[in-house]
1. Sort out which residues of the stretch 403-419 are open to solvent by 10 Å² or more (accessible area, probe 1.4 Å) and modelled with pLDDT of 90 or more, and write them in order of number.
2. Can you list the strands (runs of 3 or more DSSP E) found entirely within the stretch 259-350 that contain at least 1 residues being over 26 Å from residue 442 (Cβ atoms) and within 41 Å of the chain's Cα centre (by Cα)?
3. Please determine whether any residue of the stretch 540-561 is free of Cβ contacts under 8 Å to residues at least 12 places away in the same chain and on the phi > 0 side of the Ramachandran plot.
4. Can you pull out the residues in the stretch 409-437 that are free of Cβ contacts under 8 Å to residues at least 12 places away in the same chain and in a loop (DSSP other than H, G, I, E, B)?
5. So, in the stretch 351-378, exactly how many residues are open to solvent by less than 10 Å² (accessible area, probe 1.4 Å) and in a helix (DSSP H, G or I)?
6. From 282, 204, which residue is open to solvent by less than 40 Å² (accessible area, probe 1.4 Å) and out of contact with any His (no Cβ under 7 Å at 6 or more places or on another chain)?
7. So residue 267 fits all but one of (1) without any contact (Cβ under 8 Å) to a residue 60 or more places away in the chain; (2) crowded, with 16+ Cβ neighbours inside 10 Å; (3) in contact with a strand residue (DSSP E or B) (Cβ under 9 Å, 6 or more places away or on another chain); what number is the exception?
8. Mind listing whichever residues of the stretch 280-319 are acidic (Asp, Glu) and under 30 Å from residue 394 (Cα atoms)?
Amino acid sequence: GTGTNACYMEEMRHIDLVEGDEGRMCINMEWGAFGDDGVLNDIRTEFDREIDMGSLNPGKQLFEKMISGMYMGELVRLILVKMAKEGLLFGGRLTPDLLTTGHFETRFVSAIEKEKEGLQKAHEILSKLGLEPSHEDCLATLRICQIVSTRSASLCGATLAAVLRRIKDNKGVERLRSTVGVDGSVYKKHPHFARRLHKTVRKLLPDCEIRFIRSEDGSGKGAAMVTAVAYRLAAQHKARQKILEPLKLSHEQLLEVKERMRIEMEKGLGKETHEEATVKMLPTYVCSTPDGTEKGDFLALDLGGTNFRVLLVRVRNGMRRGVEMHNKIYSIPVEIMQGTGEELFDHIVHCISDFLEYMGMKGVSLPLGFTFSFPCQQNNLDEGILLKWTKGFKATGCEGEDVVGLLKEAIHRREEFDLDVVAVVNDTVGTMMTCGYEDPYCEVGLIVGTGSNACYMEEMRNVELVEGDEGRMCVNMEWGAFGDSGCLDDIRTEFDLAVDELSLNPGKQRFEKMISGMYLGEIVRNILMDFTKRGLLFRGRISERLKTRGIFETKFLSQIESDCLALLQVRSILQHLGLESTCDDSIIVKEVCTVVARRAAQLCGAGMAAVVDKIRENRGLDFLKITVGVDGTLYKLHPHFSTVMHETVKQLSPKCEVTFLQSEDGSGKGAALITAVACRIREAGQR
C-alpha cells in the first residue's frame with residue numbers, strides 16, 4: 001500500500017533470538033529496509049536516488065521507496081520532468097505544478113493504466129497540471145506509468161519468491177502449496193499490479209502452487225484473529241495438560257512406589273507370605289559373582305524365542321584375562337515349538353552336535369550353561385522346573401518337568417557326546433554376571449527391553465525358601481508382576497487400564513506394562529486417540545490407522561524423542577503411520593511420547609532404588625557403592641530413558657552411589673560365566 005512489508009511462519013529452530021526449537025513463529029520481516037546496506041545499488045536509478053535524497057529519511061527504506069504507493073507517483077513525475085527538460089515531452093514546456101513534489105499522485109498511475117479510459121485520464125491529469133499534452137505525450141505518460149508499476153510488482157514478486165523458497169526448503173518438500181494473504185491500496189486498486197506480481201512469483205517458482213487471498217481489515221479483524229487463535233491454543237493446551245497430569249509422578253509418589261516395592265520384596269522372600277506374593281523373589285542358586293580367577297572352555301545355550309543360539313565361550317585368567325566367544329544361531333520351526341517335548345529337545349541336541357562339528361570339537365565333554373527364558377522354579381543351580389510355556393511355545397510333556405533332565409535325556413538318546421549341564425540361567429542373572437566379570441561391584445541385574453525384570457545378591461538369611469544362612473544368593477525378582485495385587489492402582493491411569501484389558505494376560509504383569517518396551521507405544525496410541533476424540537489433535541479426525549492396536553512401535557518413541565530430530569522427521573514418522581499431521585500435531589505427539597517414557601524411566605528407577613536400599617540395609621552400611629548391570633533395547637536405544645532412570649535412583653536413594661554398566665550378551669556370555677563360577681567353586685570344594 002502506502003508502505004510495504006511481509007511476514008511468514010519460520011521454523012523455531014532457525015530463530016536464534018528466541019529460546020526453543022519446537023514449532024514455528026511468525027516473523028515480521030520489515031523488508032522495506034532491504035537494500036539499505038547497498039545490495040540494490042546496481043539496480044537503483046537516478047530517479048530512485050533523487051526521491052531518496054528528497055525524502056524524510058535519506059538512505060533508509062530504499063526497497064520501500066522503489067515499490068510502494070507513497071513513491072510511485074513521484075517516480076513518474078521525476079521521469080516526466082527529465083523528459084520535458086530534454087525536449088522529449090510537452091514540447092519542452094514545464095509548469096510549476098509539474099515541478100512540485102507530490103503533485104503527481106499514485107492514484108493517477110492507476111487511473112492512467114486503466115484499459116479503456118486510460119489515455120483520456122492521462123489527458124485530464126496532465127491538463128490539470130497546466131500542460132497541453134498531445135496524443136503522443138499521453139501515450140508516453142501511459143508507458144512511463146506501466147514501466148514504473150511493472151518494476152514495482154516485479155521487485156515485490158522477486159522478494160516474495162525468496163520468502164516462499166525458504167518456506168519450501170524449511171519443509172523439505174518437492175512441491176510447495178501455500179497461500180499468501182495480501183492487503184494494501186496498490187495491490188487492490190491498481191488495475192494490473194496484482195496480475196504482474198503473481199506472474200513474477202510463478203515464473204521464479206515453477207515448482208510451487210501459490211494462491212493469493214485478499215485480506216479484509218488485517219489490522220482490526222486480524223488482531224482479533226491472533227487473539228482468538230492464542231485463546232484456542234491456550235484452552236487446548238490446558239485440556240491436554242489435564243489429561244496428561246496423572247502420568248506425571250511427583251517425588252512423593254515415586255517414594256511411595258519405592259516403599260511398596262520394598263514391602264512386596266519382603267513378602268516374596270518370606271516362607272509364610274511367598275505363596276500370595278506377586279513379586280516372587282525366586283532363588284537362582286547362583287551364590288557368587290566372578291572373581292577373575294575363572295578359566296576354561298564352556299558351552300552356553302540360549303533359548304528364549306524362535307531363534308536358539310549355541311555358544312562356545314573361552315574364559316582366560318591371568319595376563320590374558322578375557323572372554324572369547326563363538327556362536328551360531330539356529331531357528332526353531334513352529335511345528336517343533338508346538339510339537340512334543342522330545343522333538344524339541346532332540347532338535348536342540350541336533351543343533352549342539354552341528355555346532356561342535358562346526359567348531360571341530362566333536363567328542364569333547366564341556367560344562368554347559370543353559371539360558372532358559374521361561375518361568376521356572378529352580379530347586380538347584382542345575383534344576384529348573386518349567387512352570388508354563390510363553391512366547392508361542394506349546395511343546396507337550398514339558399510343563400512341570402525339569403528342563404535339565406529333558407536335555408540330558410535327549411543327549412543320551414543321541415549317544416554322540418556327553419555334556420555336563422552345570423546351570424540353568426535366567427537372562428537377568430546372566431546380565432548381572434556379564435557385568436560382574438568387568439566390575440566386581442556389580443551385584444544387581446536389570447533388563448528393560450520388550451519386557452522388564454531385575455535380580456540382585458540377597459543375604460542367604462533372608463532367602464527363607466532355601467535352607468542355610470551363610471553367604472548370599474542371587475534372587476530373580478520377577479518384578480514385572482509388581483502391582484498385580486492392586487498396590488499400584490492409585491497411579492495407574494485410564495490408558496494403563498485400556499492397554500492391560502486388551503493384552504494377552506489381563507491383570508498380570510502390571511508394572512511391566514507401565515515400563516517396558518512392549519507396551520509404551522500402545523499407551524501413547526491410546527492417549528493420542530483420546531486427544532483426537534476431544535478435538536485436541538489431528539483436527540479431530542481419527543484415521544483407521546490410529547485405531548489399529550500395535551502400530552505405534554516403541555522404536556518410534558525412541559526416534560521421535562531423539563534430540564537431533566527436527567519436527568519434519570516426526571511428521572514423516574507420523575505419515576508413515578498414515579497420520580496426516582500439522583507442525584503443532586508433531587509437537588503434541590512428541591510431548592506425549594516424552595511424558596510416557598519419562599514415567600516409565602522414573603518407575604523403573606523407583607524399583608531399582610528399593611533394591612539398592614535393601615542391599616545397603618542388609619549390610620548395615622551408612623553408604624553403599626554398587627554397580628547395576630543393565631541390558632534391553634529401551635535402556636540402550638531410547639535417548640533419555642537411562643538418564644531419567646539414573647536421576648530417579650539418585651534422588652530416591654541418596655545414601656547409595658549407583659553405577660550403571662551396559663551388559664554385552666547376558667544370555668550367552670552370562671550363562672557361560674555362571675557355569676565358570678560354579679565350576680571354580682566346585683573345584684575349590686573338591687580340593
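1. 405, 406, 408, 409, 412, 413
2. Per the criteria, 307-316, 322-331.
3. Yes.
4. Hit for the stretch 409-437 is 415, nothing else.
5. Here the count works out to 5.
6. Numbers: 204 fails: open to solvent by less than 40 Å² (accessible area, probe 1.4 Å).
None of the other options fit; the residue is 282.
7. All conditions are met except number (3).
8. 302 - this is the single residue of the stretch 280-319 that is acidic (Asp, Glu) and under 30 Å from residue 394 (Cα atoms).
The values are calculated or read from the model by the stated rules, or taken from the named source; none is laboratory data. None of the values given here were measured: they were computed from a predicted structure. All Cβ positions, glycine included, derive from the backbone under ideal geometry; neighbour counts span all protein chains shown. Each accessible area value is taken on the protein alone, full model and side chains, heavy atoms only, with ligands, DNA and RNA left out. Shrake-Rupley method; radii C 1.70, N 1.55, O 1.52, S 1.80 Å.
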